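The values are calculated or read from the model by the stated rules, or taken from the named source; none is laboratory data. Not measured: the values here are computed from a predicted model. Positions of Cβ are backbone-derived with ideal geometry, glycine not excepted, and every protein chain shown enters the neighbour counts. Just so you know, the surface numbers come from the protein's heavy atoms only, side chains and all, with ligands and any DNA or RNA stripped out. Shrake-Rupley method; radii C 1.70, N 1.55, O 1.52, S 1.80 Å.
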Amino acid sequence: MGDSKEAGAEAPPAGATALGGLSLLSPGEAEEPSTQGSALCLGGSEVKSRAVVKYSSAPPRTAFARLQEKTDLKLPPANWLRESAKLGPAGTTILGNSKKSKPFSSFGMAYDFIDSVGNDVDVVSDSENIKKLLKIPYSKSHVSMAVHRVGRTLLLDELDIQELFMRSSQTGDWTWLKEFYQRLIDQKWQRKKKSKEHWYQKAILSKFLYYSINGDGAAQPVPSAAEQREPSGSDQTQDADGASWPAPFDMPASVSEDPSASSQGGEPLEPSYAVGHVASAPKEQNLATLFSDGEDSQGLKNDFVRNILWTFEDIHMLVGSNMPIFGGGRYPAVSLRLRDNNKPINVLTGIDYWLDNLICNVPELVMCFHVNGIVQKYEMIKTEEIPDLENSNFSTKVIKDIAQNILSFLKSNCTKEGHTYWLFKASGSDIVKLYDLTTLCEETEDKYQNPFTMPVAILLYKVACNMMMKKNQNKKHYGTIRTLLLNCLKLLDKSRHPQIIASANYMLSELFQLDEPKKEESSECPLNENSDESYSEEEEEMPDSDENGSYSTSSDPPEDSKAVAVIKSVGELSVPEKYKSIHQIRPSCAFPVCHDTEERCRLVLSYVLEGLKSVDNSIKKESDLPAADPSTPIPLKYEDESTRGGPEGLEKQMALFLDKMGSLQKGNYSSQSGMIPGSWQHKMKLQLILKSSKAYYVLSDAAMSLQKYGRALRYIKLALQSHDTYCCLCTNVFSEVLLFLSQYLTLCGDIQLMLAQNASNRAAHLEEFNYQTKEDQEILHSLHQESSCQGFAWATDLSTDLESQLSVSCKCYEAANEILQFSDLKNQNPEHCVQVSKRMGNIRNEIGVFYMNQAAALQGEREVSKSVSTAEQQLWKKSFSCFEKGIHNFESIGDATNAALLLCNTGRLMRICAQAHCGAGDEFKREFSPEEGLYYNKAVDYYLKALRSLGTRDVHPAVWDSVNWELSTTYFTMATLQQDYAPLSRKAQEQIEKEVSEAMMKSLKHCDVDSASARQPLCQYRAATIHHRLASMYHSCLRNQVGDEHLRKQHRVLADLHYGKAVTLFQLLKDTPCELLRVQLERVALAEFQMAGQNSNVGKLKTLSGALDIMVRTTHAFQLIRKELVEESGQPKSDGPSPAADSAPSLNREEALKLLSIFESRLSFLLLQSIRLLSPGKKKASSDMEGDAALRTNKHVYSQLLRASANRDTSLLQRVDVLLHLLGQLAGGSATQ
């Protein structure tokens, strides 16, 4: 024997094309996949063939022993039937001690190479089945195969009818198929016995192979068990009958195999002869395989010496082969065959040899010829020469067409995933029929009698699980996974396979992304539509047409109506592209796009419920307690607010909740059903319950956005009940789960707050809250088997009391915040932490405002003379405490704007406290009390803090303006009260005037009259009122001041200044004519007071003239009064000028009448004094002409005014008209003057 590595490096055999020679495996590479393929040119037409060894347990190749001529093969060698690593199972297989093709051989390979199933590979099968299919047009022998479809992959297995029916007579299984076979196909069926000649040929072939591996005839020692992947030959013999056809569901669990020796997908293997069982794909935590090896494999193993990924033209096949391959020396890889020299090689044998060499990538064939068992000669034949052998000529192009046609025929008709199809051709017949055994089986009493059901279901599950665990998969495969799982569930009996059913339902629920943004939903559809791997579990066969290759059964006899499809003549398979219609699986199973969130969540919950039912049914109940009826609604218990204790009761419940949260960190476990921690039921139920809580949370959030607050509360209650059960079952709560709980409680707080703010629809919300679907009831029933689900009852009750709802909302936020503090979630999820803090600040503001409004209401109900009640003081304290905590919440997250708003509300509370103290005592003896001053000053402090919190107006102009206005109002109110109810018993008049003046000026400072805004008219009115009050105060001081002439002059100047500013601002407003008139009358009174102190006529006349000018300037106020009177009476306006005015509140007629009377009397007085001062003898001659004109005008106006005043029947409007007329005359007279 030469060096195998050198042999492996020899030049390729002659005849190989430039596309790549036949790649050979040297001993050092025996366990590694081949990386090159072979391309053979035969007869001028090229057939592309490439073989990659995915797995091999064969030892390094050794040269075969060339037997001497005349060697008698009828005599057994010394090592005959001994287990041999060189032959593997081939020696005993050929003799018939074990089945040539086990019924589930393709499933064993599919389990080992799960990555290939459904996607890359078209066919998985034993090489013997592949050869049998490709020889159909050349052979008269029968064909019987089971076909299963998984995605785009077809699994082919031999369906030994004789073996099945023998078993049927012993066990009663498959009786329905036996009856169907006898009725439609072979009515006189009987088991056929193989001839002695058959067994004779098998025996000498076996002896020949044993001679070839041991030329000297000495017996070889049996290798140790550790080096063998297969059981011993004797074991195979014993197991052959028992393991051939497992019962549908009673197969005992196989022995677990060592995963450490696993290999898959062409990864380099350890240099050992026995590679071992190929492990499944790596598991993830949430998709752990939830059944044992026994249920996983159903006793099915990959028994082939090598598994090869064979690409024949464009067909990708995963093939199992046990063919012995020899090598060494001149022949790096050859197959060894024994032929009777008296019998020429026929076409079937040639095709058989050619396909074996192609599949195993063997470039040469060594043929040993014998006559009656006596060796005659050896002959070497290259693989590409086999189709041209004498008496064995066949076209490789035809073989390629046959392969493509058969694949297309099967893919076109084996459309239903999970179904078992039967491809059958009777011996000597040219007709090939395809039956759907699953459909036929379902017509019987027990649809689970099909023994393929369990292996198919397991394979569908494993393929789906493998696709789920791939991180690089995107949503386009979700439709594929969903279909695999749904078809898997269709095949399984719920009572017999709860583990797989629960796991499959959980994976189905995981396909739906509950938290995905809505914008992504629309993108799912195109992803699915373009997927070649998509398929539908309910896909129908495509309509047949002549151009696509007709295999309709319309012209067949009636007894063939059970067939799904028929090939009427095997000759059709040789016609190129006869069945070319379907080569890719149609993309007909797009993942369902749920644009509606509720629809998506409901689908998830339906799968969760099925999973929970499966788990619950598998748990053995240790107690005899009667189970609750899932169809009976669980009663909702309502407690009276007085018995529950309102917010005080909440405190106790919160304390219990926090204790429970602390115990979760320690890993306490409590289950009412008695589930064992770590069992598959425990793990699966945890995952399902957590999924249900997420789904209910998303439902609640969606209902919240639709303003369906009762429905939202019901859903969040179910989410929290699910989470409570999860916490009872979980031995170690992960931080992610705690984050979910914090989010649930935050949403619950939002819902309770919205319910409190929408009390008008309370009946509708209550109806939505009490409604329950049957699905929700059944899920809750499953939860109640593990927990009382009352851990969050305090948070999810629908109360009718506003205070209670606000308190519950606050406690929800506090609980959510406490959870964040328990672990490092605060640092890991800063955004959520900020949101919780904001909500806590907001709800505390709401509660503070609630208590503040209650205190104001009590204050309004209290009698004026009574002092502040204890209830009011308690409400102040509660309100102040809430505001203080809320301010702290906002300041902790740097939210200056909201902190300023809460400081502003605290200032308002201080003003309410001040107002409460102003009502005590007698109204006539009332003075501005120290308590009022204290609280008003506190209010000012809080408003100033709010402004400091904001910093500048640019931070939030609206809030800044609001705080400024409130601060101005506080100063104004305090000054007004001090002015109206001066505390003269405690302070001097001068001090009070000084404090009032300072407060008024501060109010004016914070009153923005220049900025255009909705509040500008109010600011202008406030500023005008401040100036009016200050002018009145200085006017009063002037009248009461005695002695200090400098101070009197200062007061007169200040009064004149503020009166002027007040008039200017009131004239800007369109709805304050009475206020404007009053200010002008006070200015006239000031002039009269000044005139009374004057001694010279010239000074008096000058002051009098100024007072009359003020009177004339009141024309604007009277025009506004007249306009409003005209609008009220509906009379048309006169042609006189009238300034445009916005719509204003109705005129205070009583006030206007009073001011009009005062105006008339003062005008009359001024006119009379003017007439007296202008009369002859009291003026100098130099002014006779001017004085006479003024005197005449004043006399005329005075006389008219006296006549108008004497008429008692004149209306207010008429009096205003008269005054406007007289003022016009005065204005004209002064102008001419």
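For Lys382, what residues show an amide H to amide H distance below 5 Å, using hydrogens built from the backbone and excluding near sequence neighbours?
Correct list: Leu365.
Would you please give the residues with an amide H less than 5 Å from that of Ile374, counting only those at least 5 places away or on a separate chain, with H modeled from the backbone geometry?
When sequence neighbours closer than 5 places are left aside, the close amide H contacts are Leu73.
HN-Hα J couplings of the stretch 1151-1156 from phi, Karplus 6.51/-1.76/1.60, θ = phi - 60°, integer Hz, Gly and Pro as x?
Running phi through 6.51 cos²θ - 1.76 cosθ + 1.60 with θ = phi - 60° gives 5, 5, 5, 5, 5, 5 Hz.
Taking amide H positions as placed in the peptide plane 1.01 Å from N, state which residues far from Leu338 in sequence (5 or more) or on other chains have amide H under 5 Å from it.
Result for Leu338 returns Cys368.
Between Ser962 and Glu990, what is the spin-label point distance in nm, taking each point 7 Å from the Cα along the Cα→C-beta axis?
Placing both labels 7 Å along Cα→Cβ, they lie 4.4 nm apart.
Within the stretch 318-346, name every residue whose backbone N is under 18 Å away from a label modeled 7 Å from Cα of Lys74 along the Cβ vector.
339-343, by backbone N distance to the label point.
At 1.4 Å probe size, with every protein chain present, just tell me what the per residue accessible area of the stretch 979-1083 comes to in Å².
So the stretch 979-1083 comes to 51 Å² accessible per residue, rounded to a whole number.
Not counting ligands, DNA or RNA, and with a 1.4 Å probe, what is Phe64's accessible surface area in Å² rounded to the nearest 10?
That residue has around 30 Å² of solvent-accessible surface.
Suppose we take every Cα in the stretch 756-914 and form the convex hull; what volume per residue is that in Å³?
154 Å³
Please turn the phi angles of the stretch 1082-1088 into ³J(HN,Hα) values with the Karplus equation 6.51 cos²θ - 1.76 cosθ + 1.60 (θ = phi - 60°), one per residue in order, whole Hz, x for glycine and proline.
5, 5, 4, 4, 5, 5, 4
Determine the relative contact order of the stretch 820-964: mean sequence separation of Cα pairs under 8 Å and six or more apart, normalised by residue count, in whole percent.
In percent, rounded to a whole number, it is 23.
Quick check: from the Cα gyration tensor, does the stretch 1038-1077 come out rounded (a/c under 1.5), prolate or oblate?
Cα axes put the stretch 1038-1077 in the prolate bin.
Under 18 Å from a label point 7 Å along Cα→Cβ of Gln1041: give me every residue in the stretch 1080-1105 with its amide N that close.
1083-1094, by backbone N distance to the label point.
Quick one: which of Lys694/Lys885; Lys178/Lys301; Lys470/Lys717; Lys717/Lys885; Lys462/Lys774; Lys938/Lys994 span more than 24 angstrom between C-alpha atoms?
Check vs 24 Å cut-off fails for Lys694/Lys885; Lys178/Lys301; Lys470/Lys717; Lys717/Lys885; Lys462/Lys774.
For the stretch 859-989, how big is the tail of P(r) above 26 Å, as a whole percent of Cα pairs?
So the portion of pairs separated by more than 26 Å is 30 percent.
For the stretch 363-458, rounded, prolate or oblate, judged on the Cα gyration tensor with a ≥ b ≥ c (square roots of eigenvalues), a/c < 1.5 rounded, else prolate if a/b > b/c?
prolate
Once the Cβ-Cβ distance between Val1053 and Thr1210 is put in as r, and R0 is 35 Å, what FRET efficiency do you end up with, to the nearest 0.05?
About 0.30, to the nearest 0.05.
For the stretch 674-771, would you read off the P(r) tail past 23 Å as a percentage of all alpha carbon pairs?
So the pairs more than 23 Å apart make up 32 percent of the total in the stretch 674-771.
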